[in-house]
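> Just passing along the structure, written as structure tokens.
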Amino acid sequence: MPDDLRHEREGERAQPGARGEGKIGLIAGSGRFPVLFAQAARARGLAVHAVAHELEADPTLTLSVDSLDWVKVGQLDGIRAVLARHGVTRAVMAGGIGRIRSFTQARPDLGALRVVASLRSMRDDEVLRAVADAFERQGITIVAPTAFVPEVLAGRGLLAGPPPSAAQERDAAIGAEVAEALGRVDVGQTVMVKDGAVLAVEAVEGTDEAIRRGGRYGGRGAVVVKRAKPGQDLRFDLPAVGPQTIEVMREVGAAVLVVEAGKTVLLDRESLFKWAGRLRISVLGR
């Protein structure tokens, strides 16, 4: 990673005192959510000190934060050291870490190894809660990013596109039931259904690849359901969809996207709704 992206650039960002209302840490993964969070937090007068995961976070995040340092996946002590250097006592986790990359490219330090040794399983929620607990023992409280950007959460009702058919409503109900069962055992958040048959469920590959896999079994007209896990911890791993989700649905011919209202992050919602409307893909919040 180039040095000019690894550390804050002198003179380009306001100092924390100049922003007047404190500071917050941002532990950044992939996608647009870290950028949206950083912009919203700074608009509220907070200095944002980001620690970004290499090969996951968007390098343009540097334009939206007060400082930016890069770490490899699994470097918990490295994250803590950066946040402590900036005097950060609260932080958010925003953006995902690809499960496959976390298995193949992680470089765990002693802090991460201590967390892993304390776990009974490597399920997402258990890992993330243990990581949050480890930070809190070091004086850094992990808080929910959506408390700063509630406007990114999905509302209720028909959000874009045409109303679904009666058959698609039935598929949506099946998808919601299966997604709830998946979430209860902490497997995934996404289910793809057509004509009452489950075409795909999300596992290690993530949402987009699950949709593509379902599309190989006849995805035209299918319904994609994405919902939070029962008892979802709002501090991390919230479901997220964006224009890219709609594009992948277009690739396979899927027709309806159903998300959980109040618990699903809509990335670049204006573009998402515009693209869905143009393609006549229904987006619903339930």
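The values are calculated or read from the model by the stated rules, or taken from the named source; none is laboratory data. Small disclaimer: the values here were computed from a predicted structure and weren't measured. All Cβ positions, glycine included, derive from the backbone under ideal geometry; neighbour counts span all protein chains shown. All accessible areas refer to the heavy atoms of the entire protein, side chains included, with ligands and DNA or RNA removed. Shrake-Rupley method; radii C 1.70, N 1.55, O 1.52, S 1.80 Å.
> What tally of residues in region 128-149 results from selecting those that are part of a loop (DSSP other than H, G, I, E, B) and in contact with a strand residue (DSSP E or B) (Cβ under 9 Å, 6 or more places away or on another chain)?
5
> Quick check on region 165-194: of everything there that is in contact with a helix residue (DSSP H, G or I) (Cβ under 7 Å, 6 or more places away or on another chain) and in a loop (DSSP other than H, G, I, E, B), which residue is surrounded by the most Cβ atoms within 10 Å (Cβ to Cβ)?
Gln189
> Scan region 202-218 and report the pairs whose first residue is more than 12 Å from Val191 (Cα to Cα) and of a type in the set (Asp, Glu) and whose second residue is at pLDDT 95 or above and open to solvent by less than 30 Å² (accessible area, probe 1.4 Å), with Cβ atoms within less than 7 Å and a gap of 6+ or a chain change.
Short answer, once both residue conditions are applied: none.
> Would you please list the contacts, defined by Cβ atoms under 7 Å and residues six or more apart or on different chains, that run from a residue in region 119-142 that is more than 16 Å from Val204 (Cα to Cα) and modelled with pLDDT of 90 or more to a residue that is among the β-branched types (Val, Ile, Thr) and in a loop (DSSP other than H, G, I, E, B)?
These pairs meet every condition: Gly139/Thr89; Ile140/Val88; Ile140/Thr89; Thr141/Thr89.
> Hey, Leu272 hits all of (1) among the hydrophobic types (A, V, I, L, M, F, W, C); (2) farther than 28 Å from Leu26 by Cα; (3) in contact with a strand residue (DSSP E or B) (Cβ under 9 Å, 6 or more places away or on another chain) but one; which does it fall short on?
Among (1) among the hydrophobic types (A, V, I, L, M, F, W, C); (2) farther than 28 Å from Leu26 by Cα; (3) in contact with a strand residue (DSSP E or B) (Cβ under 9 Å, 6 or more places away or on another chain), Leu272 violates only (2).
> When you check Gly87 against the structure, is it in a loop (DSSP other than H, G, I, E, B), over 24 Å from Gln39 (Cβ atoms) and modelled with pLDDT of 90 or more, yes or no? Please lay out each step first, then the result.
Numbers: in a loop (DSSP other than H, G, I, E, B): yes; over 24 Å from Gln39 (Cβ atoms): no; modelled with pLDDT of 90 or more: yes.
Against the criterion (in a loop (DSSP other than H, G, I, E, B), over 24 Å from Gln39 (Cβ atoms) and modelled with pLDDT of 90 or more), Gly87 does not qualify.
> While we're here: Among the residues of region 58-76, count how many are in a helix (DSSP H, G or I) and surrounded by fewer than 18 Cβ atoms within 10 Å (Cβ to Cβ).
Total meeting the criteria: 3.
> When residues of region 153-164 are filtered for being open to solvent by 60 Å² or more (accessible area, probe 1.4 Å) and within 19 Å of Ala240 (Cβ to Cβ), how many remain?
Adding up the residues that qualify gives 1.
> Hey, another quick one. Just name the residue that is surrounded by the most Cβ atoms within 10 Å (Cβ to Cβ) out of those in region 215-250 that are assigned to a helix (DSSP H, G or I) and not β-branched (Val, Ile, Thr).
If we take residues in region 215-250 being assigned to a helix (DSSP H, G or I) and not β-branched (Val, Ile, Thr), then Met249 is surrounded by the most Cβ atoms within 10 Å (Cβ to Cβ).
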